[in-house]
Amino acid sequence: MSTTQENLMTAFAGESQANRKYLAFAKKAEAEGKPGLAKLFRAAAEGETVHALNYLLIGGKIGSSLENVQGAIQGETYEINEMYPGFVEQANTENNAGAAMKMGSALKVEQVHQQLFKAAEVALATEGDIELKEYFVCGVCGYPAEGEAPEKCPICGAPREKFTRLV
């Protein structure tokens, strides 16, 4: 990999993290009754997304839809088999119950993502696309529900009100 290619991927990671951080800052500003600051953080977050997506595209990391789904499966499989089990174990070793709980929940959600992407891979190969569905995401653990939000999240137990409908 060339130095420029490495730089593009480093910039992608940094811009992606800045986006998420700024969105978290926006939520905090909203909770503190600062809508103007929240809006500024969301605007900056969107700019960071533009940067990140440009670097991903220029870096050649966006393929066909099938290739992208296959890459997503690989990423989820890594998180399930390698990343999160070690992270949860380390958090438990350090008696950090909060981190262990959140990462354990994330591990379970990644398994759902992997299943959804595997089903999408089959549908792409046989039908050309997946069925257009409504999705709702749990605001506590990230669990994606298809069709409608459940009464209670199957991963973390959060009530239906914690789910956000994706548009």
Filter the stretch 146-167 for residues that are hydrophobic (A, V, I, L, M, F, W, C) and more than 14 Å from the chain's Cα centre (by Cα); the one that is modelled with the lowest pLDDT is VAL167
Within the stretch 110-131, residues at pLDDT 95 or above and hydrophobic (A, V, I, L, M, F, W, C) come out as VAL112, LEU116, PHE117, ALA119, ALA120, VAL122, ALA123, LEU124, ILE130
When you look at LYS133, is it surrounded by 14 or more Cβ atoms within 10 Å (Cβ to Cβ) and not small (Gly, Ala, Ser), yes or no?
no
State yes or no: is PHE12 part of a helix (DSSP H, G or I), surrounded by 16 or more Cβ atoms within 10 Å (Cβ to Cβ) and either within 17 Å of the chain's Cα centre (by Cα) or without any contact (Cβ under 8 Å) to a residue 12 or more places away in the chain (or both)? yes
When (1) under 20 Å from GLY139 (Cβ atoms); (2) among the basic types (Lys, Arg); (3) not in a helix (DSSP H, G or I) are applied to ARG20, the one that fails is (3)
Those residues of the stretch 120-131 that are more than 20 Å from the chain's Cα centre (by Cα) and either in the same structural domain as ARG160 (by TED's automatic domain parsing) or not hydroxyl-bearing (Ser, Thr, Tyr) (or both) come to a total of 8
Taking first residues from the stretch 21-34 that are among the hydroxyl-bearing types (Ser, Thr, Tyr) and second residues anywhere that are modelled with pLDDT under 95 and surrounded by 12 or more Cβ atoms within 10 Å (Cβ to Cβ), the pairs with Cβ under 7 Å that are 6 or more apart or on different chains are none
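The values are calculated or read from the model by the stated rules, or taken from the named source; none is laboratory data. This structure is a prediction, so every number in the text was calculated from the model and none was measured. Glycine gets a Cβ as well: all are built from the backbone with ideal geometry, and neighbour counts include every protein chain shown.
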